[in-house]
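Let me begin by presenting the structure, written as structure tokens, before commenting on it.
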């Protein structure tokens, strides 16, 4: 795992080298083991790399790396897990290899098959920049599911990119002004979905896409893989397997996906919550490991949030080497001020705090950890799926004009509604406008929204940008529709962003075998009845886990991984929160409507839990803005001995 940065400048001068060095060094946490630059002064192209050494720890794995012919230069973040198989395929075709890295194999594959065909063969998680010295084209590539991040944009006349926004902000001409329309998306979702970013000058490269810059042309985007197309094919050509056959195929796929991700030249382990997904990953790891797998979990004093006993029971049954850390409330509170620095743009999924804690624990023992993320999206494990499907099925029976009338009446007399239903009335009222949504797509979007009208919070914002929740039409099956929307947005921009930033903050590589694209494609072909039975999701995953772990250890209600914000914000977090609000009022009063924010805060202190998560969104935005560094200086001059110059 690594950090990458780069510049393509029509006006490259002696300052480019120093600027590129500073951009690259902002990513030190992503790659503390090594650093190098590659410059082609004739074209104004510069690539920077920070290395976290995982496979082939020798200098032969250093990047940026040139291909054997010298035509291509690759700057790569991530892992291609099937590189040994590709190497065995390429060697008879005349390719020789000096080292043992996946980077060298990727370059040979691109030489052999071209970029688009080669990337379709890669099984992995990656974000990389490829410079074609012959055609003078720069290509940026992001993995299929969005496991690894990549930002890009213009800074004056320079095209810049990097693994995190902090690299782009080092450029003195970068437009770091807040994108207020993107900010409305943040207050709706608690994250900013691709391709948007918090800055007007930057975008996120969407998953499964290749962006190409060629001489005389602007950036061009092209997909090489599409989750939407995968789901369409799965609906048109569903699996004909029986449940037993599907279970055997799933086990074979997951065993291979897990086995590929166990390859490392550094210590390796896994996160273990005791839930279905992480327990299955660990079980398949242990089945392929000659020694006990190192597993890590954290526990909490609050019983409603504490999964530690369940994780311990799974680890003991499988024979793992388990490490558990019980966190106090103060331990978690101490992490809160660090969050804006690590997440790099506003991000308010409160499970970021325990996720960072378990990553920090794991990094004390290993450099790579496998995670169970992805199971809920692929196998319909979220509790909101059956609830949303059931509610919409009932609502659709009521004529839309009648539903609109009920919703309008409640909003016209909110105080009366609250009097009739008490505190519960506030919670119902907050979602009541969902009654008036004309279709399931808008209904589901409303259920996911933190704020139903986020533009009210953002001063001077234009129309809220449209996202996959607006643009991607629903499938006929409600479960498949919700799963696809979540794979397109919630998974890459919330769940995977959370894990990437938390793990990279402590220089830990996190791998997600359930999101092997072969598993995703197989899951998309399965009928819903293989995933949902008895009102609960992940049926097939459960049946597979039962082959390894007794039912009584893992059969339990699903638990979240968040923190008790409703108790903390008006309690022990109150002094910190009020300091952030006071500073934010001075610093961001031109951006947010603080009259509205102050009203939310007063009502929360009065006992309402109505605004808890919206206030957390506000606090995370303000804390992020307070943590931004000062404007960068101009690029430095002078030679750098670690820079490779193009001949």
### Computed lengthening from residue 157 to residue 387, 0.36 nm per intervening residue step minus Cα-Cα distance
77.8 nm
#### Entry: Protection-proxy order for peptides 26-33, 345-352, 471-478, 92-99, each taking the mean of Cβ atoms within 10 Å per residue, highest first
345-352, 26-33, 471-478, 92-99
### segment 565-627, Rg to Rh (Cα coordinates; Rh as Kirkwood inverse mean 1/r)
0.93
## Note on the structure
Quick note on 160, 506, 258, 123, ordering by fewest other C-beta atoms within 10 Å, gives 506, 123, 258, 160
#### Entry: Virtual spin-label span in nm between residue 331 and residue 582, 7 Å along Cα→Cβ
3.1 nm
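What value, in deg cm²/dmol to 500, does the helix sum -39500 (n - 2.57) over DSSP H runs of n ≥ 4 give at 222 nm once divided by the residues of the chain? Can you show the working numbers first?
Working: 28 runs with 272 residues, N = 647.
The helix contribution divided over the chain gives -12000 deg cm²/dmol.
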### Summary
When 177, 56 are ranked with the fewest other C-beta atoms within 10 Å first, the list becomes 177, 56
### Message
Once R0 is set to 25 Å, what does the formula 1/(1 + (r/R0)^6) return for the Cβ-Cβ distance between residue 42 and residue 113, expressed as a FRET efficiency to the nearest 0.05?
### Response
0.35
#### Entry: q = 0.05, 0.09, 0.12 Å⁻¹: log10 I(q)/I(0) that the Debye formula gives for the chain, counting C-alpha atoms only
-0.23, -0.77, -1.39
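Report the extension gain between residue 11 and residue 593 in nm, rounded to one decimal, defined as 0.36 nm multiplied by the number of residues separating them, less their alpha carbon distance. Don't jump to the answer; show the numbers that get you there.
On the way: separation 582, 0.36 × 582 = 209.52 nm, distance 4.12 nm.
Fully extending the segment from residue 11 to residue 593 adds 205.4 nm.
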#### Entry: Cα-based shape type of segment 103-221, given that a ≥ b ≥ c are square roots of the gyration tensor eigenvalues and the cut on a/c is 1.5
oblate
## Note on the structure
By Cβ neighbour count within 10 Å, fewest first, 364, 243 rank 364, 243
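Could you compute the FRET efficiency for residue 255 and residue 459, with r as their C-beta to C-beta distance and R0 at 51 Å, rounded to 0.05? Spell out each step's value before the answer.
Details: r = 53 Å, r/R0 = 1.05.
After rounding, the FRET efficiency stands at 0.45.
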### Segment residue 220-residue 96, extension gain: residue separation times 0.36 nm, minus the distance between their alpha carbons
41.4 nm
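From the convex hull of the Cα coordinates of segment 343-389, what is the mean projected area in square nanometres?
Details: hull surface 19.9 nm².
Approximately 5.0 nm², given one-decimal rounding.
Report, for the chain, the % of DSSP beta bridges that are antiparallel, rounded to 5.
On the way: 55 of 75 bridges.
DSSP beta bridges in the chain are roughly 75 percent antiparallel.
Can you compute the FRET efficiency between residue 324 and residue 398 using 1/(1 + (r/R0)^6), with r the Cβ-Cβ distance and R0 = 60 Å? Round to the nearest 0.05.
Details: r = 49 Å, r/R0 = 0.82.
Approximately 0.75, to the nearest 0.05.
All of the numbers you see were taken from the coordinates with simple rules; none came from a lab. Keep in mind that this is a model prediction, so the values were computed, not measured. As a convention, Cβ positions derive from the backbone with ideal geometry for all residues, glycine included, and neighbour counts pool all protein chains shown.
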